[in-house]
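The values are calculated or read from the model by the stated rules, or taken from the named source; none is laboratory data. Keep in mind the model is a prediction, meaning the values are calculated, not measured. A quick note on method: Cβ atoms are made from the backbone with ideal geometry, for glycine too, and the neighbour counts reach across all protein chains shown. Side chains are part of the model used for accessible areas, which takes the heavy atoms of the whole protein and leaves out ligands, DNA and RNA. Shrake-Rupley method; radii C 1.70, N 1.55, O 1.52, S 1.80 Å.
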Amino acid sequence: MKITGTMVNYYIHCRRQCWLFANGMKLEDDSEDVRIGKIMHELQSEGKRNREVAIDGIKVDKLTDQYVTEIKKSDADVEATKWQTLYYMYVLKQKGMERKGMLQFIERNKGTGKTIELELDTETEQSLVKMLNELEDYIGQEQPEMAVREKKCNRCAYYAYCFL
Ligand code: SF4
């Protein structure tokens with residue numbers, strides 16, 4: 001199965017969500033948060049056409065000579081966004097396009113900087129490759145992990161599926 005940036009994000013955010021998404025359960029459109037995020041994203045991208053780029057199954061928000069940029073509505077899960085973007089950097093590197101990473105958050109919840117820069121150094125790349133192998137094994141399993149209710153579940157598009 002082709003790994004996507006969303007799968008990598010979900011694998012860090014919630015492994016159960018990753019499995020459900022990878023195995024065809026895509027509930028994101030039902031989430032008000034996701035809908036608002038898309039609208040804000042579209043508004044921000046107005047007049048900036050051709051900045052969103054699709055390469056080899058990945059879709060990056062913005063690609064320049066120096067950076068691949070991922071834009072998110074909030075900084076609620078910086079770690080998941082970080083690994084998603086590192087994955088894009090890794091795929092681009094395989095294509096001969098080495099780029100630094102940049103995370104941009106439209107809203108700030110936890111005081112994290114609005115913009116974060118990333119480097120794909122050797123150690124990080126090794127960790128990423130290990131994680132991708134684990135992710136691939138995991139989504140090929142028969143069942144996802146059991147749902148465990150946490151704070152992050154309250155705003156999750158999969159909440160009803162997991163708990164109602
Ligand atoms: S509701 Fe919670 S357990 Fe279920 S997919 Fe979302 S974050 Fe994961």
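Residues being open to solvent by less than 40 Å² (accessible area, probe 1.4 Å) and among the acidic types (Asp, Glu) are represented in the range 72-89 by at least one member. Which one is farthest from the ligand (Cβ to nearest atom), of the residues in the range 129-150 that are more than 18 Å from Thr6 (Cβ to Cβ) and among the β-branched types (Val, Ile, Thr)? Checked the range 129-150; the qualifying residue farthest from the ligand (Cβ to nearest atom) is Val129.
Evaluating Gln126 against the criteria (1) within 16 Å of the ligand (Cβ to nearest atom); (2) free of Cβ contacts under 8 Å to residues at least 12 places away in the same chain; (3) exposed (fewer than 11 other Cβ atoms within 10 Å of the Cβ) leaves one unmet condition, (1).
In this structure, Val53 does not satisfy being at pLDDT 90 or above and either out of contact with any Gly (no Cβ under 9 Å at 6 or more places or on another chain) or aliphatic (A, V, I, L, M) (or both). Taking the range 151-164 as the range and being over 10 Å from Leu27 (Cα atoms) and within 6 Å of the ligand (Cβ to nearest atom) as the test, the residues that pass are Lys152, Cys153, Cys162.
If only one of Gln66, Gln17 is among the polar types (S, T, N, Q), at pLDDT 85 or above, out of contact with any Ser or Thr (no Cβ under 8 Å at 6 or more places or on another chain) and open to solvent by 40 Å² or more (accessible area, probe 1.4 Å), which one is it?
Every option except Gln66 fails the conditions.
Of all residues in the range 24-50, which are modelled with pLDDT under 65, of a type in the set (Lys, Arg) and surrounded by 12 or more Cβ atoms within 10 Å (Cβ to Cβ)? If the condition is that a residue be modelled with pLDDT under 65, of a type in the set (Lys, Arg) and surrounded by 12 or more Cβ atoms within 10 Å (Cβ to Cβ), then Arg35 is the only one that fits. Condition test on Lys100, is it more than 16 Å from the ligand (Cβ to nearest atom), over 29 Å from Gly24 (Cα atoms) and at pLDDT 90 or above? Spelling it out, Lys100 is indeed more than 16 Å from the ligand (Cβ to nearest atom), over 29 Å from Gly24 (Cα atoms) and at pLDDT 90 or above.
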